[in-house]
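Reviewing the structure listed below.
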């Protein structure tokens, strides 16, 4: 059996594809695997933010074309970077166990404190809103490029700090660069952050992925993506979702919704059994959008870990 695996060519993307390939080998020891890397439009265009050039789909377009044409048998993606609308002929057929979903703050090499006279580098509206809440008075400016490119820009002195996903840094073996880990109650993660997604052509035999696929991460991802999709959240949309499994198959889903006209944003949690993950995402999206127009509790900077109460919270920049 020979399986061609398509990947973006960045170091992190290759490592993530190798994680999937190792999972396949552990389930099918005789499998012959070949990694095929390629640049995507999102990798090539670096001088504009994603919302200005077409969104997350630019990171998967070339990979989708190669998969559809039979040039590769699988493609591997960071699930958080995938658009909400996926070609039904190229379904997600497996997801990885979730790596640490939290965001982190990284300072320049040799620096021990945040210099607010320089901007914090971040291209995510979701992160930007929450950064401004955590660091009042800071400036947030866009930064593009893969993880290593962003670190180079940071160390050159262009930014006081940057904010990245902890999962990518861990996979790259760069945990020592982390200056602060934001708990999920401080900065709600992007939907599916830390999860790898595998695509294949519809109808193909993907039994070799059975040992790799993580059902818990799949159910959580269904809920998180359902929440974002219901709110029509795309790449630049400041929408976030984070699911956690509890005992007895209970899934607690927390979502962030922003009124972009006012800059006010709300966080709310609901729970249900994991078998109703997608319905939970829809219910939470409808509830937080509805509650967003009602009287809400303003959160101050000293909010604590009791954040998971089932209460709508309103936070202002």
Just need a number here: residues in the stretch 118-128 that are in contact with a strand residue (DSSP E or B) (Cβ under 6 Å, 6 or more places away or on another chain) and crowded, with 21+ Cβ neighbours inside 10 Å.
5
The conditions are (1) within 22 Å of residue 120 (Cβ to Cβ); (2) assigned to a strand (DSSP E or B), and residue 176 fails exactly one of them. Which is it?
(2)
Residues in the stretch 1-13 that are surrounded by fewer than 15 Cβ atoms within 10 Å (Cβ to Cβ) and in a helix (DSSP H, G or I): how many?
1
With respect to residue 120, determine if the residue is touching a helix residue (DSSP H, G or I) at 6+ places or on another chain (Cβ under 7 Å), over 30 Å from residue 22 (Cβ atoms) and at pLDDT 95 or above.
yes
Would a scan of the stretch 19-27 turn up a residue that is at pLDDT 95 or above, under 22 Å from residue 86 (Cβ atoms) and surrounded by fewer than 19 Cβ atoms within 10 Å (Cβ to Cβ)?
yes
With respect to residue 190, is the statement that it is more than 17 Å from residue 77 (Cβ to Cβ) and either in a loop (DSSP other than H, G, I, E, B) or out of contact with any helix residue (DSSP H, G or I) (no Cβ under 7 Å at 6 or more places or on another chain) (or both) true?
no
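Let's see how each residue does on (1) modelled with pLDDT of 75 or more; (2) farther than 27 Å from residue 165 by Cβ; (3) in the same structural domain as residue 125 (by TED's automatic domain parsing):
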residue: 242; (1), (2), (3): yes, no, no
residue: 246; (1), (2), (3): yes, no, no
residue: 250; (1), (2), (3): yes, no, no
residue: 278; (1), (2), (3): yes, no, no
residue: 289; (1), (2), (3): yes, no, no
residue: 294; (1), (2), (3): no, yes, no
residue: 303; (1), (2), (3): no, no, no
Across the stretch 202-232, what is the total count of residues that are surrounded by fewer than 17 Cβ atoms within 10 Å (Cβ to Cβ), part of a helix (DSSP H, G or I) and within 23 Å of the chain's Cα centre (by Cα)?
2
Looking at residue 114, is it assigned by TED's automatic domain parsing to the domain that holds residue 172 and either closer than 30 Å to residue 254 by Cα or modelled with pLDDT of 95 or more (or both)?
yes
Every pair of residues 6+ apart whose Cβ atoms lie under 9 Å, when the first sits in the stretch 1-29 and is without any contact (Cβ under 8 Å) to a residue 12 or more places away in the chain and assigned by TED's automatic domain parsing to the domain that holds residue 199 while the second is buried (at least 20 other Cβ atoms within 10 Å of the Cβ) and not in a strand (DSSP E or B):
22/212
Given (1) in contact with a strand residue (DSSP E or B) (Cβ under 6 Å, 6 or more places away or on another chain); (2) within 16 Å of residue 129 (Cβ to Cβ), number of the condition residue 186 does not satisfy
(1)
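The values are calculated or read from the model by the stated rules, or taken from the named source; none is laboratory data. Being a predicted model, the structure only gives us computed values, none of them experimental. As a convention, Cβ positions derive from the backbone with ideal geometry for all residues, glycine included, and neighbour counts pool all protein chains shown.
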